[in-house]
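Below is one structure, written out as structure tokens; the observations come after it.
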Amino acid sequence: MSKPAKKAHTDNHTSSKKDKNESELAHKASSVSGKTGKVFPFTAIVGQDEMKLCLLLNVIDPRIGGVLVMGHRGTGKSTTVRALADVLPMIERAEGDVFNRTVEEVMQEKAQQADTKASRAARKLHAEKIPVPVVDLPLGATEDRVCGTIDIEKALTKGEKAFEAGLLARANRGFLYIDEVNLLDDHLVDVLLDVAASGVNVVEREGISIKHPARFVLVGSGNPEEGELRPQLLDRFGLHARITTITNLAQRVEIVKRRRAFDANPDEFLETWKPEQQALQARIVQAQKLVSKVELPDDLLMLIAELCMNLGIDGHRGELTVSRAASAHAAFFGRTTVTLDDIKAVAVPALRHRLRRDPLETMDAGEKVERELQKILSSMNESVSPV
């Protein structure tokens, strides 16, 4: 069970209604694509395979810890993240529950309350299927918009805990997406660090406290030229995908063709890609069922640990992330045992952002990870080669 966050978030009830409305409008605007509100299909996105793989691995196993996508402007970062929602399998929640909790979770909470009326109501709950939430966190969002607010007047006059759920509540069991994450205000970074560590959002005001589950996959994107990400937040992302502008001529032409076709007739374009979308969704569902059965051989676990140690990575998040991502990769390809190919596929995005920064280092972090992995593999091959 997740422990409550060490630091409760204080409700800022002084924020204006105008700020709140602007945040809501920003969220709505960033969640749609084009005038029709249709979202470009995930499977129709050309290239950027590393980014797409990192997102899919987190869908298969959310314990990987999220994705940070950094790259040039106009390379499809936001489009890809928002397109992910349409290939995610549906989830079950208690009907109408703003926190997206399961029926079992709601009943368990109500059973602990002395209010017998609430307990009886909980026993009548029904489940409903909803799409996995993919929630945008606008840069201008206030803390109460993110964490939620408590209606103190109602609490004092009627004795009820009137809570208006924020973005963290909506994102529970889903994805929380932050575009231009490297420009996020420091106080919101602190909020996210607390909640990401505990899986619980706590809001306190005037002695009244409300907490709710807030387990989500954190996805951030940004342009490294616009600023660095705080090290504390950087380390919270399980995988780091780095993307650049596509230089392949045929792919660039295909990108424009598909986008023009989508803008001209979104419904027809979506119908064309529907079989691909459904096939990917089915593959994700199978991988989610299989991932818990995937085994990681000891020799490959030793390889992961040696790689992290040789790279000088602090702590043990590196090993855990590589092992989880490799297992999810194996499940995605229908295997129950991790292979060396799985580790090769995930080592760079899992470790590149965990290397110690050296201002004199000219080699790219991803290349450094690849070089060290190849060095270990070469050493292993020499040790088993016949004399």
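I'm trying to understand the selection: among the residues of the stretch 86-98, which are of a type outside the set (D, E, K, R), surrounded by 18 or more Cβ atoms within 10 Å (Cβ to Cβ) and outside any strand (DSSP E or B)? Scanning the stretch 86-98 gives Val87, Leu88. When Thr247 is tested against the conditions (1) touching a residue at least 12 places away in the same chain (Cβ under 8 Å); (2) outside any helix (DSSP H, G or I), the lone failure is (1). Screening Ser323 against (1) more than 22 Å from the chain's Cα centre (by Cα); (2) farther than 13 Å from Leu373 by Cβ; (3) assigned to a helix (DSSP H, G or I) leaves a single unmet condition, (1).
If a residue has to be basic (Lys, Arg) and assigned to a helix (DSSP H, G or I) to count, how many in the stretch 168-202 make the cut?
So the count comes out to 1.
For the stretch 285-296, the condition holds for at least one residue, the condition being that it is surrounded by 17 or more Cβ atoms within 10 Å (Cβ to Cβ), of a type outside the set (A, V, I, L, M) and out of contact with any strand residue (DSSP E or B) (no Cβ under 9 Å at 6 or more places or on another chain).
Every residue, every condition in (1) modelled with pLDDT of 85 or more; (2) under 24 Å from Trp273 (Cα atoms); (3) not assigned by TED's automatic domain parsing to the domain that holds Val39; (4) not in a helix (DSSP H, G or I), yes or no:
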| residue | (1), (2), (3), (4) |
| --- | --- |
| Arg63 | yes, no, no, no |
| Leu68 | yes, no, no, yes |
| Arg73 | no, no, no, yes |
| Asn100 | yes, no, yes, yes |
| Met107 | no, no, yes, no |
| Ala121 | no, no, yes, no |
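Restricting the first member to the stretch 198-222 and to residues that are at pLDDT below 85, and the second to residues that are in a strand (DSSP E or B) and among the aromatic types (Phe, Trp, Tyr), the beta-carbon pairs closer than 7 Å and six or more apart or on different chains are Ile210/Phe163.
Could you run through the stretch 344-387 and say how many residues are at pLDDT below 85 and touching a helix residue (DSSP H, G or I) at 6+ places or on another chain (Cβ under 7 Å)? Break it down into steps so the answer makes sense when it comes.
Quick first cut of the stretch 344-387, residues at pLDDT below 85 only: 356-366, 379-387.
Narrowing the set further to residues that are touching a helix residue (DSSP H, G or I) at 6+ places or on another chain (Cβ under 7 Å) leaves 365-366.
Total meeting the criteria: 2.
The single condition from (1) farther than 16 Å from Leu280 by Cα; (2) surrounded by 18 or more Cβ atoms within 10 Å (Cβ to Cβ) that Asn58 fails is (1). Taking the numbered list (1) closer than 30 Å to Gly37 by Cβ; (2) within 23 Å of the chain's Cα centre (by Cα); (3) of a type outside the set (A, V, I, L, M, F, W, C) in turn, Asp263 passes all entries but (2). Entry remark, the stretch 326-354: residues being in a loop (DSSP other than H, G, I, E, B) and of a type in the set (Ser, Thr, Tyr) number 2 in total. A search for C-beta distances below 6 Å between a residue of the stretch 267-290 that is closer than 15 Å to Ile91 by Cα and outside the structural domain of Ala326 (by TED's automatic domain parsing) and any residue that is of a type in the set (Val, Ile, Thr) and assigned to a helix (DSSP H, G or I), counting only pairs 6+ apart in sequence or on different chains, returns Gln281/Val87; Ile284/Val59; Gln288/Ile60. Does the stretch 78-86 include one or more residues that are within 28 Å of Thr336 (Cα to Cα), modelled with pLDDT under 90 and in contact with a Lys or Arg (Cβ under 7 Å, 6 or more places away or on another chain)? Within the stretch 78-86, none of the residues are within 28 Å of Thr336 (Cα to Cα), modelled with pLDDT under 90 and in contact with a Lys or Arg (Cβ under 7 Å, 6 or more places away or on another chain). Among the residues of the stretch 335-351, the one identified as buried (at least 21 other Cβ atoms within 10 Å of the Cβ) and charged (D, E, K, R) is Asp342.
Report whether or not Arg357 is in a loop (DSSP other than H, G, I, E, B), over 28 Å from Gly71 (Cα atoms), charged (D, E, K, R) and not assigned by TED's automatic domain parsing to the domain that holds Leu239. For Arg357, the condition - in a loop (DSSP other than H, G, I, E, B), over 28 Å from Gly71 (Cα atoms), charged (D, E, K, R) and not assigned by TED's automatic domain parsing to the domain that holds Leu239 - is not met.
The values are calculated or read from the model by the stated rules, or taken from the named source; none is laboratory data. Please read these numbers as outputs of a predicted model, since none were measured by experiment. Neighbour counts are summed over all protein chains in view; Cβ atoms, including those assigned to glycine, are modelled from backbone coordinates with ideal geometry.
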